[in-house]
């Protein structure tokens, strides 16, 4: 079989291996205390649950005792997950702490659990083929002065490699999304699992009754293939926002693609439209976030038909204006568990 990389088949653009790194399981507001939620993650059936104290755990979906699915009748009792079938109970380390009959728990009744991070309204899980401990983490953002996230999720036929590459594919910004005059403010830079870049673009925009040719600046920060934060600034309107993209493989063909937006508190709404000066702050931020999310969903969905029907090209004959595709692919190799190529060492965010 011909491959574009070890990740993706040329014939089908189907994943060949699940990437290493941190990936979104769900948003924090989707899992209340005492909740048990079924998750499809990297070809596996899992459950994510939150104990009464608020601790989150991601584990196998099926009880190791006799195979019941925890998301269908399983309950949280304090800090443990109780199986609906025979009442076997497990802590957040996956250890069986008691049976339903008061007998000694079998030593082999053990749940696999995944490393998790919960921060900034996100629940992220670390995936690695050989089950080593995470070599790096995604740093928490300072969200003082920013609104809570609003978010949206699709499921579609695509892969996280393509969706991550999309943000450095400058050539498609004009042909697919209608942006113009792309200017590189900071070239792509990589350091271990982190990738950054800054650029600016123009676009016709209609915002709250005004139609303008807007200049926007974009600062991209990626941690692996599963976490992307683009800080967007529109100087003319005094707007700053964080646009997040979280591609998580459901299986080798299907992708859960989640978007989220947070808005920096707006100091001068009259820059956007004089009428907005009269709108209460709480409603103002809701209005702007709603308009931003509608535009963001429209932008991202313009790529869907391309992702669903494209093939991979291992060595594309790039032209000036395509963007740093080769640099991105060299960086991305480190997340391929079967890659044998040279790449930057994956380092801890604390190093």
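Take residue 141 and tell me if it is in contact with a helix residue (DSSP H, G or I) (Cβ under 8 Å, 6 or more places away or on another chain) and either within 13 Å of residue 247 (Cα to Cα) or in a loop (DSSP other than H, G, I, E, B) (or both). Taking the combined requirement at face value, the residue does not satisfy it. All of (1) exposed (fewer than 12 other Cβ atoms within 10 Å of the Cβ); (2) over 27 Å from residue 23 (Cβ atoms) hold for residue 271 with one exception: (1). The numbered conditions (1) touching a strand residue (DSSP E or B) at 6+ places or on another chain (Cβ under 9 Å); (2) surrounded by 16 or more Cβ atoms within 10 Å (Cβ to Cβ); (3) closer than 30 Å to residue 127 by Cβ are all true for residue 192 except (1). Filtering region 316-351 to residues that are out of contact with any helix residue (DSSP H, G or I) (no Cβ under 9 Å at 6 or more places or on another chain), within 30 Å of residue 200 (Cβ to Cβ) and either at pLDDT 90 or above or surrounded by fewer than 13 Cβ atoms within 10 Å (Cβ to Cβ) (or both) leaves 317, 320, 326, 330, 331, 333, 334.
Right, residue 219: touching a strand residue (DSSP E or B) at 6+ places or on another chain (Cβ under 7 Å), surrounded by fewer than 19 Cβ atoms within 10 Å (Cβ to Cβ), modelled with pLDDT of 95 or more and within 21 Å of residue 123 (Cα to Cα) or not? So residue 219 fails the test.
From the list 294, 308, which residue is out of contact with any helix residue (DSSP H, G or I) (no Cβ under 8 Å at 6 or more places or on another chain), surrounded by fewer than 16 Cβ atoms within 10 Å (Cβ to Cβ), at pLDDT 90 or above and farther than 26 Å from residue 242 by Cβ?
Details: 294 fails: farther than 26 Å from residue 242 by Cβ.
Residue meeting the stated conditions: 308.
Going residue by residue through region 249-257, is there one that turns out to be in contact with a strand residue (DSSP E or B) (Cβ under 8 Å, 6 or more places away or on another chain), surrounded by 16 or more Cβ atoms within 10 Å (Cβ to Cβ), within 25 Å of residue 178 (Cβ to Cβ) and modelled with pLDDT of 90 or more? Yes, there is a match, as at least one residue in region 249-257 is in contact with a strand residue (DSSP E or B) (Cβ under 8 Å, 6 or more places away or on another chain), surrounded by 16 or more Cβ atoms within 10 Å (Cβ to Cβ), within 25 Å of residue 178 (Cβ to Cβ) and modelled with pLDDT of 90 or more. Among the residues of region 74-115, the ones that are part of a loop (DSSP other than H, G, I, E, B) and more than 17 Å from residue 49 (Cα to Cα) come to 13 in all. Is it true that some residue in region 37-56 is crowded, with 19+ Cβ neighbours inside 10 Å, out of contact with any helix residue (DSSP H, G or I) (no Cβ under 9 Å at 6 or more places or on another chain) and over 22 Å from residue 226 (Cβ atoms)? The answer is yes, given that some residue of region 37-56 is crowded, with 19+ Cβ neighbours inside 10 Å, out of contact with any helix residue (DSSP H, G or I) (no Cβ under 9 Å at 6 or more places or on another chain) and over 22 Å from residue 226 (Cβ atoms). Filtered by the rule that a residue be within 17 Å of residue 37 (Cα to Cα) and either surrounded by 13 or more Cβ atoms within 10 Å (Cβ to Cβ) or within 27 Å of the chain's Cα centre (by Cα) (or both), region 61-76 gives 61, 62, 63, 68, 69, 70, 71, 72, 74, 75, 76.
Listed by first and then second residue, the pairs linking a residue in region 31-48 that is under 12 Å from residue 73 (Cα atoms) and not assigned by TED's automatic domain parsing to the domain that holds residue 156 to a residue that is at pLDDT below 95 and crowded, with 18+ Cβ neighbours inside 10 Å, with Cβ atoms under 6 Å apart and 6 or more places separating them unless they lie on different chains, form an empty list. Quick check, is residue 58 closer than 24 Å to residue 160 by Cβ, under 18 Å from the mean Cα position of the chain (by Cα) and assigned by TED's automatic domain parsing to the domain that holds residue 84? For residue 58, the condition - closer than 24 Å to residue 160 by Cβ, under 18 Å from the mean Cα position of the chain (by Cα) and assigned by TED's automatic domain parsing to the domain that holds residue 84 - is met.
Taking residue 91, is it surrounded by fewer than 19 Cβ atoms within 10 Å (Cβ to Cβ), farther than 30 Å from residue 65 by Cβ and modelled with pLDDT of 95 or more?
Numbers: surrounded by fewer than 19 Cβ atoms within 10 Å (Cβ to Cβ): yes; farther than 30 Å from residue 65 by Cβ: no; modelled with pLDDT of 95 or more: yes.
So residue 91 fails the test.
The values are calculated or read from the model by the stated rules, or taken from the named source; none is laboratory data. Remember, it's a predicted structure, so these values are computed and weren't measured experimentally. Note: ideal-geometry Cβ built from the backbone for every residue, glycine included; neighbour counts use all protein chains shown.
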